[in-house]
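Okay, so here's the structure we're looking at.
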Amino acid sequence: RAKKDGRNAYRFFTSEMQAQSARALQLENALRRALERDQLSLHYQPQFALDADGGDGGYGAGGAARILGAEALLRWHHPELGWVSPAEFIPIAEATGLILPIGEWVLREALSQLRRWDAAGLPELTMAVNLSAVQFRHDDLPELVARVLGELGMPAERLELELTEGAAMDNPAVAITVMNELHARGVRLSIDDFGTGYSSLSYLKKFRVGKLKIDQSFVRDLTEDAEDRAIVDAVIRMAGALGLQTLAEGVETAGQLDFLRRHGCEAVQGYLFSRPLPAAAFAEFVLNGQMVSV
Ligand code: C2E
Ligand code: MG
Ligand code: MG
Ligand code: MG
């Protein structure tokens, strides 16, 4: 097809493709050794519950925010390539199957960290861990999750697994079975990036999820874009009617926060409160200000 577009287009196409696949191949090879070479780490971003009343000042919108937990976010630092974004390496990890050992490492590391925070006297937090569709489809996910929780002596209720609409809708029948198994063991589930995928609303009530994470693309222009406001309002209302909680991602401004609070969004996460932090900085953040006035 590229060839029909003429000689220049063809040359552009091939050089672009070559550069892309050379980089992908380089990353793939490097990623194969990343785990054993200790190049992977987790950062933790705080998640907050919004209380509609009480408190003032702080971030400027009135009301209080109470820390609920952390979302574990994978980081890769390679000695020559530097920091590689998860947006670039997660798809490669998924395509090669490397996401299975990496995802298991993430689960164990995040829950180990939660146990260390418990021991250090932090309040009881939940740990949200992102799950790839590849992990979700893998046969022994519920057993793996139960095994890691058991090894660490961590109650299942402390773990929340985030999966995307795509992971769930790919094969809804299988998804329902896996969700039921995880739910039966006490693990919480949320839908990440909600609104960007192709969830069938009729499935939402069958999925054993407790929370919808409203994608940051709807939050970004909330104060300027009437359509985004309508979408976010509709998602919060629908979730409420279905007995689901909502957490808005990517909250950066007091104006966004104010809208979300007024429209009944239960929880938030974003740079307004904190960027994802290394474990020690996260603990410091929590110990210095559990109750944030917003
Ligand atoms: P996600 O799970 O939707 O994570 C939210 C992303 O938004 C994170 O990017 C986070 O750093 C960023 N973020 C948080 N607050 C704000 C904000 O206020 N403004 C803006 N502009 N961005 C904000 P990150 O860490 O680069 O991760 C990107 C994606 O990579 C994640 O999206 C998730 O899909 C994937 N990912 C990260 N860690 C893992 C993992 O351990 N396993 C799997 N399977 N996927 C992961
Ligand atoms: Mg997530
Ligand atoms: Mg998200
Ligand atoms: Mg995302």
Counting only residues that are without any contact (Cβ under 8 Å) to a residue 12 or more places away in the chain and assigned to a helix (DSSP H, G or I), which one in the stretch 218-234 is farthest from Val174 (Cα to Cα)? Ala226
How do the pairs read when you match residues in the stretch 159-173 that are within 11 Å of Asn130 (Cα to Cα) and in a helix (DSSP H, G or I) with residues anywhere that are within 11 Å of ligand 4 (Cβ to nearest atom) and open to solvent by 30 Å² or more (accessible area, probe 1.4 Å), using Cβ under 6 Å and keeping only pairs 6 or more apart or on different chains? none
What number of residues within the stretch 240-254 are more than 13 Å from the chain's Cα centre (by Cα), within 16 Å of ligand 1 (Cβ to nearest atom) and of a type in the set (Gly, Ala, Ser)? 1
Expected single match for more than 30 Å from Arg115 (Cβ to Cβ), more than 16 Å from ligand 4 (Cβ to nearest atom) and of a type outside the set (Asp, Glu) among Ala175, Ala230 is Ala230
With surrounded by fewer than 19 Cβ atoms within 10 Å (Cβ to Cβ) and under 19 Å from the mean Cα position of the chain (by Cα) as the only criterion, which of Arg237, Arg229, Arg275, Arg262 stands out? Arg275
Over the stretch 97-111, the set of residues open to solvent by 20 Å² or more (accessible area, probe 1.4 Å) and not hydrophobic (A, V, I, L, M, F, W, C) is Gly97, Pro101, Glu104, Arg108, Glu109
Looking only at residues in the stretch 193-217 that are at pLDDT 90 or above and assigned to a helix (DSSP H, G or I), which one is least open to solvent (accessible area, probe 1.4 Å)? Ser217
Looking only at residues that are small (Gly, Ala, Ser) and surrounded by 11 or more Cβ atoms within 10 Å (Cβ to Cβ) in the stretch 1-20, which one is modelled with the lowest pLDDT? Ala2
Taking the residues in the stretch 115-143 that are within 16 Å of ligand 2 (Cβ to nearest atom) and in contact with a helix residue (DSSP H, G or I) (Cβ under 6 Å, 6 or more places away or on another chain) as candidates, determine which candidate is farthest from Leu189 (Cα to Cα). Val134
Just one of Leu149, Leu159, Leu114 is closer than 24 Å to Thr177 by Cα, away from ligand 4 (no atom under 16 Å from the Cβ) and open to solvent by less than 10 Å² (accessible area, probe 1.4 Å); which is it? Leu159
Among the residues that make up the stretch 160-167, is at least one of them at pLDDT below 95 and away from ligand 3 (no atom under 16 Å from the Cβ)? no
Only residues in the stretch 238-266 that are under 21 Å from Glu162 (Cα atoms) and among the hydroxyl-bearing types (Ser, Thr, Tyr) count as the first member; pair them with residues that are open to solvent by less than 60 Å² (accessible area, probe 1.4 Å) and in a helix (DSSP H, G or I), Cβ under 6 angstrom, at least 6 apart or cross-chain, and list the lot. Thr246/Ile236; Thr246/Ala239
Of the residues that make up the stretch 182-190, is at least one assigned to a helix (DSSP H, G or I), within 18 Å of the chain's Cα centre (by Cα), free of Cβ contacts under 8 Å to residues at least 40 places away in the same chain and within 15 Å of ligand 1 (Cβ to nearest atom)? no
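The values are calculated or read from the model by the stated rules, or taken from the named source; none is laboratory data. Just so you know, these numbers come straight off a predicted model, no measurement behind them. We place every Cβ from the backbone using ideal geometry, glycine too, and count neighbours over all the protein chains shown. For the accessible areas, the whole protein counts, side chains as well, though only heavy atoms, and no ligand, DNA or RNA atoms are used. Shrake-Rupley method; radii C 1.70, N 1.55, O 1.52, S 1.80 Å.
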